[in-house]
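Note sheet for the following structure.
The values are calculated or read from the model by the stated rules, or taken from the named source; none is laboratory data. Quick caveat, the model's predicted, so the values are computed rather than measured. Glycine gets a Cβ as well: all are built from the backbone with ideal geometry, and neighbour counts include every protein chain shown. With ligands, DNA and RNA removed, areas are computed over all heavy atoms of the protein, side chains included. Shrake-Rupley method; radii C 1.70, N 1.55, O 1.52, S 1.80 Å.
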Amino acid sequence: MSQNPRNINTEGGDYREVLNKGLYSEGDIQIFLQKIEASKRSNTEKLLLQQVAAEVASRLRQSLHSQVFIDLDKEELLTQVQRSWDYEIKLGKQNNRHISSEESLIKIFTSSNMQGRLLILGEPGTGKTTNLLNLAGALLEVAQDPDELIPVILNLSSWSNGEEPISIWLTKEIKRKYGVALSVGEQWLEEQKLLPLLDGLDEVSNSHQKDCVRSINQWISGNAGSPSPIKMVVCSRREEYKRLKTKLKLNGAVCLNKLSEEMIENYLHLVDRAELLTVIHANTSLRELVSVPLFLSMLVIAYQDSHLDSYNSKEGKNAESYLIGSYVNYMLERAEREREKLKQEDRTSFNKDELKRLDRKTKIISLYSTDQTKSWLCWIASKMETNGTTEFLVEDLQPSWLERKATFQMYRFQVWFIAVLIIFVLNGTAYFLQFGAISALRYVAIFSTFIVGLDLLSLNEIIPVDAISFSWNKALKEYTAQRNKGRLAGLWLGSVAVLVTYSIATPALSIAAGVVIGAISSIFFRILIGVSSGLNGYEVEEKILVNQGIRNALKLGLTTTILSFAITSSAIGTIVLAIGGASAFLDGGYNFTVNISLLVAVLFGLSQGVSASIKHLSLRYSLYREGLAPWDYEKFLTRASECMLLQQVGGQFRFIHKTVQRHFATMATEETQ
C-alpha cells in the first residue's frame with residue numbers, strides 16, 4: 001500500500017487527494033521543469049522532455065489509480081519473451097519468479113537481467129499504464145543528463161499498416177503527439193536517443209498484432225533500416241499476449257497480479273468503506289471484479305447505500321457494465337450537486353480571479369445535461385474504437401465521421417457557400433465597383449468553378465497544420481542562393497513579354513519592356529522563394545491548446561493570403577509603373593494590379609490553411625445540427641475531464657481507461673440497434 005494516504009471524501013472532496021510517492025504534484029513538476037531548463041541538453045530535447053513530464057504529471061493526477069495507489073505483487077515470466085542469450089545457454093525449464101510489491105518497477109527495469117528491455121503484462125485495470133507512467137517519471141529524473149535516453153510514451157493502437165516498420169511509425173507518432181518534426185525524430189532514432197514506452201499492444205487490431213510483434217522484433221534486432229533501440233518497454237494485456245505464437249525479443253516480462261482479499265480488505269478499511277466488504281463477499285462476480293484496482297476504485301467512489309443490493313443480481317460482464325455505469329452516473333450527478341453548491345457559496349471573501357473561475361465552472365456544469373454528456377461521449381468513444389485510437393483531438397474530426405449521406409451533402413454545401421462568400425467579398429466587390437453587378441457575378445462564378453476544377457478545398461479530408469515560425473536568416477540565405485533560378489525566371493518572363501508586345505509596339509520598345517519585366521520578375525521571384533523558405537515548422541511544437549492544428553491552419557492561411565497579396569501587388573504594380581508610368585497605373589493599372597493580386601492571394605490562402613478552417617467549421621456545425629456533438633467542444637471536454645471521465649493533456653483527451661472507452665462505445669452500438 002502507499003504510505004500515509006488521506007481519506008477520500010466522496011461527497012464533495014477532490015478525488016485526486018491521495019497520491020503515491022513518485023507521482024508529481026504541481027510543485028514537483030515545476031521544480032522538475034526548472035531542472036530540465038537548466039540542463040545541458042539542446043532546446044529541442046528540453047521541449048520534448050518538458051512535454052513528456054507534463055503528460056506524466058497530468059495523467060497520473062487524473063488517474064483513478066492515484067486515489068490510493070496500490071503497489072501490486074508482480075511475477076517475472078521468463079517464458080513470455082525471447083532473450084537473445086536463451087539461444088546460447090541452455091537454461092532448462094524456466095519457472096516464474098514472484099516479485100514482492102516492495103520491489104519497484106524502475107529497479108526491475110534497470111536490473112542486470114532486464115537491461116532496460118521489459119514487457120509489462122496484466123489484466124485490464126490492474127494498472128499497467130499507471131505503472132508505465134510511474135516508470136516514465138523515474139526515467140525523466142535521470143534524463144536530465146544529456147547522455148541518458150529520452151522516454152516517449154506512445155500507444156500502439158494507431159499502428160495499422162502491417163508493412164510499415166515500427167521505427168517509421170514511431171517518428172510519425174511523436175510528430176502527431178509531441179509535435180516533433182519528422183527530420184528531428186529520424187535523427188534521434190539514428191542517434192539512439194529515444195526510449196520508447198509502448199502501451200496497448202493488445203489494442204492493435206487482431207489482424208495486425210502478429211505483424212506488430214514481428215516489426216518490433218525486427219527493430220530490436222537491427223533489421224528495420226534504423227539502429228535498434230537501446231532500451232524499450234511494451235505493455236499488453238496478459239491473455240491477448242499469451243495467444244500470440246511469436247513473442248517479443250525483450251529481456252524479461254513482469255505480470256501485475258490481481259489484488260488479494262487481504263489487500264482489498266486493507267484498502268477498504270483504509271478509505272473508511274468497510275461496509276462494502278459485506279456485499280463483495282456475497283457476490284462472486286463482484287469479488288472477482290474488485291480484485292482489479294480500477295474497479296475497486298470505482299466502487300469506492302460511486303457506491304450508494306441504496307444501490308448496494310443491486311450488485312447481488314449482477315454477474316460477469318453485467319457486473320462490470322453496471323459498476324462502470326454507476327461510476328459514470330455518480331460523477332455526472334456529483335457535478336450537478338457541485339453546481340448547486342457553488343451557487344450557494346459565500347463569495348464575499350473571494351477576489352476577482354476566484355469569482356471569475358467559480359462563475360466559469362458553474363456555467364460549464366450547467367451547459368450540458370447528464371444525458372447529453374453521455375450521448376456525446378458515446379459518439380466519441382465509438383469513433384475512437386472504429387479508428388483504433390485512444391486519444392481524441394478536436395482537430396482530428398473528419399468528414400468521414402458524418403453518418404448520413406444527406407448530412408455530408410449539407411456539409412459540402414456549407415463549405416462551398418463560405419468559400420464563394422469569401423471570393424465574393426474580396427474579389428467580387430472589387431469587380432462590382434469597377435464593372436457592375438453582372439460582371440462581378442460572372443467573375444465569381446468563373447473563379448468558383450476554377451477552384452472546383454483544381455479541387456483546392458479537397459472536401460473529403462481536413463489536414464491540421466503545425467505551428468509556423470519565420471526565419472529572416474533563412475529567407476535571406478535562400479534569396480541569395482536562388483540567383484541563377486531568378487535569372488532564368490526573368491529571362492523566360494522577359495522573352496514572353498517581348499513576344500507579346502512585338503506586334504503592337506516598335507522592336508526597341510518591346511525589347512525594353514522585356515528587359516524591365518525580366519529584371520523585376522527575377523527580383524520578385526527570388527523574394528517569393530525566400531519568404532516561402534523562411535516559413536518553417538518548429539522542430540518541436542508544444543501541443544497545449546484545444547484544436548491547435550486548426551488554429552494554426554487559420555493563422556497560416558491568413559499569413560499566406562497577406563504575403564501573397566503584398567508580393568504579387570508589388571511585382572505587378574512595379575511592372576505597370578516601369579512600362580506605362582504613373583498615368584497608366586492610375587488609368588486602369590491600379591485596378592488590374594488589385595484584381596490579379598486578390599486572385600493570387602485567395603488561391604494561396606485557400607490552399608495553405610484557410611480551406612482547412614472552413615471545412616472544420618462546417619463539419620462542427622453539421623455534427624452539432626445532427627445532435628452528435630456540442631458546439632463548444634472545449635467546454636464540453638473540460639467538463640467531462642472535471643467529472644473524471646476523460647483525462648486531458650494539453651489539447652489531447654483520452655478516457656480514464658480503455659475499459660471505460662469500450663463501455664461508452666458499446667452503449668453507442670446498443671442505442672443504434
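Structure above, values below:
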| read-out | value |
| --- | --- |
| Qualifying positions in region 657-672 - at pLDDT 90 or above and open to solvent by less than 20 Å² (accessible area, probe 1.4 Å) | 659, 660, 661, 664, 665 |
| Residue match in region 266-273 (condition: closer than 20 Å to residue 320 by Cα, free of Cβ contacts under 8 Å to residues at least 40 places away in the same chain and of a type in the set (A, V, I, L, M)) | yes |
| Selected residue (criterion: nearest to residue 327 (Cα to Cα)) from residues of region 623-673 that are under 17 Å from the mean Cα position of the chain (by Cα) and among the charged types (D, E, K, R) | 658 |
| Condition met for residue 618 (touching a residue at least 24 places away in the same chain (Cβ under 8 Å), of a type in the set (S, T, N, Q) and under 30 Å from residue 47 (Cβ atoms)) | no |
| Residues that are within 13 Å of residue 192 (Cβ to Cβ) and among the charged types (D, E, K, R), drawn from region 141-171 | 147, 148 |
| Hits in region 634-657 - residues which are within 12 Å of residue 64 (Cβ to Cβ) and out of contact with any Leu (no Cβ under 9 Å at 6 or more places or on another chain) | 647 |
| Hits in region 480-494 - residues which are among the hydrophobic types (A, V, I, L, M, F, W, C) and open to solvent by less than 100 Å² (accessible area, probe 1.4 Å) | 481, 489, 493 |
| Test result for residue 270, open to solvent by 50 Å² or more (accessible area, probe 1.4 Å) and closer than 29 Å to residue 56 by Cα | yes |
| Region 32-73: number of residues that are outside any helix (DSSP H, G or I), charged (D, E, K, R) and at pLDDT below 85 | 3 |
| Lone qualifier among 619, 603, 628, 599 - being touching a Phe, Trp or Tyr at 6+ places or on another chain (Cβ under 8 Å), open to solvent by 10 Å² or more (accessible area, probe 1.4 Å) and closer than 30 Å to residue 560 by Cα | 599 |
| Within region 291-321, considering residues that are of a type in the set (Phe, Trp, Tyr) and over 23 Å from residue 122 (Cβ atoms), the one modelled with the highest pLDDT | 303 |
| Filter pass, residue 381 being open to solvent by 50 Å² or more (accessible area, probe 1.4 Å), within 30 Å of the chain's Cα centre (by Cα) and at pLDDT 90 or above | no |
| Subset of region 230-254 (residues that are without any contact (Cβ under 8 Å) to a residue 40 or more places away in the chain and open to solvent by less than 40 Å² (accessible area, probe 1.4 Å)) | 244 |
| Odd one out for residue 215 among (1) open to solvent by 10 Å² or more (accessible area, probe 1.4 Å); (2) modelled with pLDDT of 85 or more; (3) of a type in the set (Ser, Thr, Tyr) | (1) |
| Count - residues of region 115-174 that are within 26 Å of residue 383 (Cβ to Cβ), open to solvent by 10 Å² or more (accessible area, probe 1.4 Å) and not in a helix (DSSP H, G or I) | 7 |
| Matching helices (runs of 4 or more DSSP H) fully within region 388-470 where at least 1 residues are at pLDDT 85 or above and crowded, with 18+ Cβ neighbours inside 10 Å | 405-423 |
| The one condition in (1) under 23 Å from residue 121 (Cα atoms); (2) modelled with pLDDT under 80 that residue 288 fails to fulfil | (2) |
